[in-house]
Amino acid sequence: MKLSGILFFSLFYIVSYSQEIRHEKLDNSCESGVKEAKADIEKGIYKVLSYGLIMRPNQEFHDYYVGFVKEKYNVILGDGGCVVSDKTNCYTETMQNTVLEKFGQDFFERIQKEALESYENLKD
């Protein structure tokens, strides 16, 4: 009888514990975004993401542009999704500032022109 009681209690505990929902708090602070950006930069990862609803008049060129920038400068451009937080804002700001320091303040304007010229030459 004792053994069946211990067995029942053990099974009850295991089943109850496995049903427990654990909540982990996400750190969406600005400091977390800066820290994550600096860690990526130290690894040589340059990733500039856009957030929110993004409308692209020419998706085909945009896809070419993203690949062009990745191949030529090793900078990843992408969409980060619709949710904007302090973390994503600070990550993006830190990363953009680093990219501009590394490649020049006119980097984004310059590479868009370069990519457009290259894209148009492919079409000819």
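The values are calculated or read from the model by the stated rules, or taken from the named source; none is laboratory data. Because the structure is predicted, anything quoted here is derived from the model rather than measured. All Cβ positions, even for glycine, are placed from backbone atoms using ideal geometry, and neighbour counts span all protein chains on display.
Checking R110 against (1) among the charged types (D, E, K, R); (2) touching a strand residue (DSSP E or B) at 6+ places or on another chain (Cβ under 7 Å); (3) assigned to a helix (DSSP H, G or I), which single condition isn't satisfied?
Condition not satisfied by R110: (2).
Restricting to segment 52-71, what's the tally of residues that are within 18 Å of the chain's Cα centre (by Cα), at pLDDT below 90 and surrounded by 10 or more Cβ atoms within 10 Å (Cβ to Cβ)?
2
Provide a single number: the residues in segment 77-106 that are crowded, with 18+ Cβ neighbours inside 10 Å and part of a helix (DSSP H, G or I).
First pass over segment 77-106, keeping only residues crowded, with 18+ Cβ neighbours inside 10 Å: 77, 87-88, 90-92, 94-95, 99.
Restricting the remaining residues to those that are part of a helix (DSSP H, G or I) gives 87-88, 90-92, 94-95, 99.
So the count comes out to 8.
Quick one: what pairs do we get from segment 104-123, first residue under 16 Å from Y64 (Cβ atoms), second aliphatic (A, V, I, L, M), C-beta under 6 Å, 6+ apart or different chains?
What qualifies is I111/V69.
Restrict the check to segment 110-122 and report whether at least one residue is within 18 Å of I45 (Cβ to Cβ), of a type outside the set (A, V, I, L, M) and at pLDDT 95 or above.
Just the residues of segment 110-122 that are within 18 Å of I45 (Cβ to Cβ), to begin with: 111.
Imposing the further condition that a residue be of a type outside the set (A, V, I, L, M) reduces the set to none.
No, that holds for no residue.
Among (1) assigned to a helix (DSSP H, G or I); (2) out of contact with any Gly (no Cβ under 8 Å at 6 or more places or on another chain), there is one condition P57 misses while meeting the rest; what is its number?
Of the numbered conditions (1) assigned to a helix (DSSP H, G or I); (2) out of contact with any Gly (no Cβ under 8 Å at 6 or more places or on another chain), the odd one out for P57 is (1).
Would you mention how many residues in segment 31-51 are within 24 Å of D106 (Cβ to Cβ) and exposed (fewer than 11 other Cβ atoms within 10 Å of the Cβ)?
The number of residues fulfilling the criteria is 1.
Could you identify the single residue in S32, S16 that is at pLDDT 95 or above and assigned to a helix (DSSP H, G or I)?
Working: S16 fails: at pLDDT 95 or above.
None of the other options fit; the residue is S32.
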